[in-house]
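The values are calculated or read from the model by the stated rules, or taken from the named source; none is laboratory data. Because the structure is predicted, anything quoted here is derived from the model rather than measured. Neighbour counts run over all protein chains shown; Cβ positions are idealised from the backbone, glycine included. For accessibility, only protein heavy atoms count, side chains too; no ligands or nucleic acids. Shrake-Rupley method; radii C 1.70, N 1.55, O 1.52, S 1.80 Å.
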Amino acid sequence: MKKVLILGAYGKIARIVEKRLLDNPDYQLTLVLRHASRLDSLKNHNNVTVIEGDVSDKSLLTKVIAGQDIVYANLNGQMERWAQNIVFSMQQNSVAQLIWITGSGLYHEVPDPFGSWVENYVGHASKEDTRRAARIIESSQLSYTIIRAAYMTDDAEIDYELTKKGETFKGTMISRSSIADFVIKIINDPNKYQRESFGISKPGTDNMLHQIREMEHDV
């Protein structure tokens, strides 16, 4: 049985991952979120433990990370701080496998015009915070996999292509279902993807910035 800890377990991508792994005897899920009542419906599943908590709580992190096989972080907010806490707690517990989701543009790898939109839309301060978080992870001894996602949609389709660090980012959009699918592939075979940073997007979406702007306007 593979023990998987999901931090930020109420996130949209995390919930897709959880749904696909529920009641599968090959996995034991520990789900951490700020308001545990949001996942009350999962508490009766045999392979699920739901814990209320926050990644700012180092003592909680140390406790829940102990004995896990994989830590999957589905977080937003103070990313540098969260990365410091998670890396420290994992190293303290000799847990090596980390899956970390962030946005595209981490290495200025996204071509214009989408690249400029990513920089300006996300905001300089928050983007720099995510870059500092990534540097913490990449300079650690962990067997990490960083996923750099294009603009996320709630489409149910699973259709994606990957680019590695150092390669030009492709595409502009990606479904959360596709990201969840890749997360599960990493959980199943983490060694195949370890110490890598992958861009993820839907093929054929290189010139879709206008459509993204329209979707943002409609929100």
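Packing order of peptides 1-7, 191-197, highest average first: 1-7, 191-197 (average count of other Cβ atoms within 10 Å over each peptide's residues).
What is the dipole size for the chain, taken about its Cα centre, with +1 at each Lys and Arg Cβ and -1 at each Asp and Glu Cβ, in debye to the nearest 20?
Values: 26 positive and 28 negative charges, 142 e Å.
Charge dipole, the chain, about its Cα centre: 680 debye, nearest 20.
When only the Cβ of Lys, Arg, Asp and Glu is charged (+1, +1, -1, -1), the dipole of the range 140-219 relative to its Cα centre reaches about 500 debye. Loop-located trypsin sites (Lys or Arg not before Pro) across the range 29-72 with a Cβ neighbour count of 13 or fewer within 10 Å are ARG34, LYS43, with loop assigned by DSSP.
Among the protein heavy atoms of the range 75-118, carbon and sulfur supply 47% of the accessible surface, probe 1.4 Å, non-protein parts ignored.
Please calculate how many Å² of accessible area the range 1-115 carries per residue, with a 1.4 Å probe and no DNA, RNA or ligand atoms counted. Write out the running numbers ahead of the final one.
Details: 5360 Å² over 115 residues.
Accessible area per residue, the range 1-115: 47 Å².
Ranked by accessible surface with a 1.4 Å probe, highest first, in what order do MET152, MET79 come?
On the way: MET152 55, MET79 15 Å².
Largest accessible area first, the list is MET152, MET79.
With Cα atoms defining each centre, the range 99-172 and the range 24-97 are spaced 22 Å apart in the structure.
For the range 63-150, with only Lys/Arg (+1) and Asp/Glu (-1) charged at the beta-carbon, what is the dipole magnitude about the Cα centre, in debye rounded to 20?
On the way: 7 positive and 8 negative charges, 51 e Å.
With Lys and Arg at +1 and Asp and Glu at -1, about 240 debye.
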